[in-house]
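This report refers to the structure that appears directly beneath it.
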Amino acid sequence: GFAAPPRETPEERAVAATFDAARNALAEKRGAAVISLLTRNSVKSLESVRDAARQPGDAPLQRLEPAERFAAMGLRRYLGPAELRRMSVGDIANHALKAGWLGPNVISRSSLGPVRVKGDRASGLLMVDNRPALVPADFVREGGAWRIDLSSVFSFGSQMLKGFAAMSGKDETAYIDELLDRLPAKPGAMRTH
């Protein structure tokens with residue numbers, strides 16, 4: 001690990017503790033434990049990704065923003081319909097970590113830089129290999145506890161996908177499909193084309 005900057009206030013320490021709990025759970029491949037550290041809206045976003053992946057056809061996907069669509073299309077690619085129907089968001093998080101969808105090296109190389117707290121919102125500089133990541137780590141206080149807010153991650157990912165799709169001259173779904181085609185295929189997984 002990397003040395004964290006000194007935390008000045010109890011709120012900054014509480015925010016950092018939430019980040020550390022999530023990083024430790026990820027490192028230990030306990031993805032479901034991270035779900036309880038997310039904001040209600042973040043969990044709702046993940047549930048809508050799972051729900052869209054469960055439904056046949058393109059219509060459920062088209063209702064999602066590009067980053068969420070990428071996640072739903074990826075779930076369809078790597079998990080069968082029966083698996084998707086039975087799995088909770090926490091089950092999917094556990095599976096994703098065991099399958100290496102989020103590399104353990106990225107988790108171990110991440111840290112939280114300086115944190116700024118404003119009321120019930122906080123933002124920290126997400127660091128990977130001691131360098132700032134492209135998106136901040138955002139937090140919201142809910143029910144007296146700090147929770148990780150994924151909205152900026154989804155928003156940033158969607159903007160990137162929209163931009164790359166436009167540059168490629170393809171629509172977003174076709175571009176996402178092409179990206180997924182470059183990833184290693186899981187034997188026996190259903191392909192949706």
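The values are calculated or read from the model by the stated rules, or taken from the named source; none is laboratory data. Just so it is clear, the model here is predicted, and its values are computed rather than measured. In this analysis, Cβ positions are derived from the backbone assuming ideal geometry, glycine residues included, and neighbour counts consider all displayed protein chains. The accessibility values were calculated without ligands, DNA or RNA, using every heavy atom of the protein model including side chains. Shrake-Rupley method; radii C 1.70, N 1.55, O 1.52, S 1.80 Å.
Using alpha-carbon pairs under 8 Å, 6+ residues apart, how would you state the relative contact order of segment 55-174 in percent?
In percent, rounded to a whole number, it is 21.
Which whole-percent values make up P(r) of segment 60-161 when all C-alpha to C-alpha distances are grouped in 5 Å steps starting at zero?
Bins of 5 Å from zero give 2, 11, 15, 19, 21, 17, 10, 4, 1 percent of pairs.
For segment 112-164, how big is Rg over Rh, using alpha carbon atoms and the Kirkwood form of Rh?
1.04
Quick one: divide the alpha-carbon radius of gyration of segment 1-96 by 2.2 N^0.38 Å and tell me what you get.
1.30
Calculate the translational D of segment 138-181 in whole µm² s⁻¹ from Stokes-Einstein, where the hydrodynamic radius comes from the Kirkwood formula applied to all Cα pairs, the temperature is 4 °C and the viscosity 1.567 mPa s.
The estimated diffusion coefficient comes to 107 µm²/s.
What accessible area per residue, rounded to a whole number of Å², is obtained for segment 1-127 using a probe radius of 1.4 Å?
For segment 1-127, the solvent-accessible area averages 52 Å² per residue.
Using the Kirkwood formula over every pair of different C-alpha atoms, what hydrodynamic radius in Å results for the chain?
Over the chain, the inverse of the mean reciprocal pair distance is 17.7 Å.
Once the Cβ-Cβ distance between residue 13 and residue 156 is put in as r, and R0 is 25 Å, what FRET efficiency do you end up with, to the nearest 0.05?
0.40
Taking 0.36 nm per residue of sequence separation and subtracting the Cα-Cα distance, how much length would be gained by fully extending the chain between residue 164 and residue 21, in nm to one decimal?
48.1 nm
Would you mind working out the magnitude of the charge dipole of the chain relative to its Cα centre, with +1 at each Lys and Arg C-beta and -1 at each Asp and Glu C-beta, to the nearest 20 Debye?
320
With a point put 7 Å past each Cα toward its Cβ, work out how far residue 59 is from residue 142 in nm, to one decimal.
Rounded to a tenth, the inter-label distance reads 2.9 nm.
Report the local net charge at residue 37: Lys and Arg +1, Asp and Glu -1, summed over other residues whose C-beta lies under 13 Å from its C-beta.
My count for the surroundings of residue 37 gives +1.
Summarise the accessible area of segment 1-82 (1.4 Å probe, protein heavy atoms) by the percent that is carbon and sulfur.
That share works out to 55 percent.
For the ranges 135-147, 109-121, what's the packing order if you count other beta-carbon atoms within 10 Å of each residue, average per peptide, and put the highest first?
Per-residue Cβ counts within 10 Å, averaged per peptide and sorted highest first, yield 135-147, 109-121.
Suppose R0 equals 30 Å. What FRET efficiency, 1/(1 + (r/R0)^6) with r the Cβ-Cβ distance, do residue 40 and residue 98 give to the nearest 0.05?
FRET efficiency, residue 40 to residue 98: 0.70.
Which one, 59, 108, 71, is farthest towards the positive end of the dipole of segment 30-141 when Lys and Arg carry +1 and Asp and Glu -1 on their Cβ?
Among 59, 108, 71, the one farthest towards the positive end of the dipole of segment 30-141 is 108.
For segment 1-85, calculate the relative contact order in percent as a whole number, restricting contacts to Cα pairs under 8 Å that are 6 or more residues apart.
Rounded, it is 19 percent for segment 1-85.
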